[in-house]
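Below is one structure; the comments refer to it alone.
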Amino acid sequence: MIFERHNNFERLILIGMPCSGKTSIGKYLAQHYRLDFYDMDEEIVKAAGMSIQEIFEKKGEPAFRELETKTAISLSEKQNALIATGGGIVTRENNMRYFKKAGSLVVFIHRDFCKLATTPKRIMDKRPMLQKTSFHKLLNLYKTRLPLYRKYCDIEIHNDSNKDDAIREITRAIDHYSVRKEEQPDE
């Protein structure tokens with residue numbers, strides 16, 4: 001079922017740890033709210049002409065972060081868009097400043113650390129920051145990023161059971177947020 005898009009946000013931005021469900025949930029939400037879907041990692045791959053893993057291996061994380069910022073700038077100008085970001089987007093304040101401009105709604109998809117830690121290795125190995133990552137390194141990454149995700153989000157939802165539950169929670173939260181915004185008097 002497709003619903004009318006809410007007019008009080010031009011962009012829906014999904015943030016969260018790698019493997020939290022940003023891309024899979026984002027594709028559904030884009031259709032649901034009639035938004036164009038953009039996966040930042042896919043956009044970076046197109047711009048660089050190589051995979052994320054190759055960028056990390058050949059150019060290093062700083063070069064990847066620069067590409068990520070350029071992509072954030074480009075995507076922040078899109079209207080009627082849903083943008084699934086990479087997990088590290090919050091590590092550079094400027095990235096979030098581009099997205100937090102008027103008209104963007106930022107949703108933090110929070111997946112419990114225990115759920116992240118038990119993500120199958122074949123899935124984790126597709127993410128350069130998580131390849132060969134120890135439990136303690138993943139925990140430190142989670143602890144470092146969690147306050148940043150919370151700092152930048154307008155809405156926080158949990159994706160700890162299944163995707164359908166998370167989608168229902170997000171759409172309810174967005175609808176509630178949209179109604180709240182509509183009820184606020186103009187300044």
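Every read-out reported here was derived from the displayed coordinates using simple, explicitly stated rules and does not represent laboratory data. Keep in mind that what you see is a predicted model, and the values were worked out from it rather than measured. Positions of Cβ are backbone-derived with ideal geometry, glycine not excepted, and every protein chain shown enters the neighbour counts.
Summary of computed values
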read-out	value
Linear extension gain, Lys163 paired with Lys46, 0.36 nm per residue minus alpha-carbon span	39.4 nm
Model label zone, Lys143; criterion: amide N under 15 Å from point 7 Å along Cα-to-beta-carbon; scope segment 95-113	113
Trypsin sites (Lys or Arg not before Pro) restricted to DSSP loop in segment 17-53 with at most 14 other C-beta within 10 Å	Arg34
21 Å Cα-Cα threshold exceeded, pairs from Lys46/Lys163; Lys101/Lys163; Lys100/Lys163; Lys115/Lys143; Lys70/Lys143	Lys46/Lys163; Lys101/Lys163; Lys100/Lys163; Lys70/Lys143
